[in-house]
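Down below is the structure, laid out as C-alpha cells.
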Amino acid sequence: MKQPTSLGEFEQIVLLAILRLDQEAYGTAIRAEIGRCTGREIAPGALYTTLDRMEEKGMVNSRMGEATPQRGGRAKRYFALTKKGREALVNAQRAYQSLLAGLNLLGGHHA
Amino acid sequence: MRNASCAEWMLRRVANPDKAASIVGDLLEADKGPLWFWIAVAGTVLRLAWRRPMAVLVAWLAMEIGTRVFITVALHNHYPSQNHQTPFGALYLRRLWSDLIGMCAFAMICSSGTRRMVLPTALFAVFPAIAVCYWLQPTVLLADALCVAAAIGVLVWARSWKLPFAIFLGALAMIACQEVVGILTGAMYQIASRTQGVSQSAAYMLGWFWLSAGSGLILVYVATSIWSRLFRWADSVAQ
C-alpha cells in the first residue's frame, strides 16, 4: 500500500538537471543547467533547500568532491539520484505524458 | 567585500560544516559580485532557518490553544459536579491529547516527509480526547481502546508500524519534558516564596506568565528536536 512519492515542479526540474549533469552535478552547475534549459534564474537558497529536502526524503544523495582555488579552497558537493528519486521522477513524467497524450500541444490547435 | 569566512560562519548556524563550506564555495565560484553574494548568503540562511523556529512556535501555540479549548469545551461539560477537578489518569490523557495536537502542527509546518505523520497523529489525538470526556464510562473507554488497537493494526498492516510507535514515543517524550519543567518551575516558586516572600501581585503574576511562556517554548523546542528524529526514523520505513 505504499503511495508513490509526489514531486513538485521545481523538484522535477532539479532532478532532471542532476540527471543531465551526471557526475558533474553540484550547486553551481545545477543552477547553470536549469538557467540554460529553462531560462529561469534560480535563487541559490531555493536550490539548496530543495536539495536538502530531497536528500532527507531519500531521493538524492550527495558526496563531497574536490576543492578548487576559485572556490576559496572549498569542496564541491556532488548530487546523484537514488533509485527512489529516479522512480518518483519517472512516475511524474509518466503522469505528464498521459495528460499530454492526444493534445498535440506543441503543434496542434491547443498551441 | 566578500568575507567568505564570515558567510561560512553564518551558514554553519543553519547547516552542517561541509554543507556550509560547499554552499560558500558555489557562491564564490558564481562570481557575480559582492552584493549578489551577500543577498544569496542571507537568502540561503533565511530559507534554511525559518521553518524550524516557526514550527516550534506553531506547535507551542497549538498545544496552548488546544488545551484551553479542551478544558473549556469538554472538561467543563463532563466534570461539572466535581468543580472541574479532572481525575488523575484523565489529566495525563488530556496532556497526551494536547501533545498530539502539537505534533500535528509541527509536522504540518516541517516538510521533508513529515506530512505523512499529520493524519495518523490527528487520528490518535481523537482517542485520548474521547477517553477524558468519558472517563467514568467503562464501555466507552473499552470501545476507545479497541479503536486505538484497530488503528494501530491498520498502520501495521500498511507496513507503517514505525508511525504509531514514533507518535507515541514523541508524545511520551513531551510528557516527560513537561514533568521536568513542572518540577523545575515548582522548585523555583518554592525558592522564590521562601527567600522573598512573593505574593500573588500583578507584577508577580506577569513574571510568572513570562517564565511559564519561556519555559514552555524551551520545552517545545527540546521535544520537537526529539520529534524530528522520530519522524525521520518513521519515514525511513518507506525508503
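The values are calculated or read from the model by the stated rules, or taken from the named source; none is laboratory data. Since the structure is predicted, the reported quantities are computational estimates derived from the model, not experimental observations. Cβ coordinates were reconstructed from backbone atoms using ideal geometry, including for glycine residues, and neighbour counts include every protein chain displayed.
Residues in the stretch B:176-206 that are surrounded by 13 or more Cβ atoms within 10 Å (Cβ to Cβ), part of a helix (DSSP H, G or I) and either at pLDDT below 70 or not assigned by TED's automatic domain parsing to the domain that holds B:C104 (or both): B:A192, B:Y204. If you filter the stretch A:30-40 down to residues that are farther than 22 Å from B:V45 by Cβ and either among the β-branched types (V, I, T) or in a helix (DSSP H, G or I) (or both), you find that the one that is nearest to the other protein chains (Cβ to nearest Cβ) is A:A32.
Here A:S98 fits the description: among the polar types (S, T, N, Q) and loosely packed, with under 12 Cβ neighbours inside 10 Å. Looking at A:A80, A:A43, A:A101, just one residue is at the interface with another protein chain (Cβ under 10 Å from one of its Cβ atoms) and of a type outside the set (S, T, Y), and that residue is A:A43. When the criteria are applied in full, B:V58 meets the requirement of being assigned to a helix (DSSP H, G or I), within 30 Å of B:A223 (Cβ to Cβ) and in the same structural domain as B:A107 (by TED's automatic domain parsing).
Restricting attention to the stretch A:50-75, the residues being facing chain B (nearest Cβ under 9 Å), closer than 18 Å to B:L27 by Cβ and not in a helix (DSSP H, G or I) number 9.
Number of residues in the stretch B:19-36 that are under 35 Å from the mean Cα position of the chain (by Cα) and more than 8 Å from chain A (Cβ to nearest Cβ) equals 1.
Conditions tested, residue by residue: (1) crowded, with 17+ Cβ neighbours inside 10 Å; (2) part of a loop (DSSP other than H, G, I, E, B); (3) at pLDDT below 90; (4) over 15 Å from the mean Cα position of the chain (by Cα).
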| residue | (1), (2), (3), (4) |
| --- | --- |
| A:K2 | no, yes, yes, yes |
| A:I42 | yes, yes, no, no |
| A:Y48 | yes, no, no, no |
| A:L106 | no, yes, yes, yes |
| A:H109 | no, yes, yes, yes |
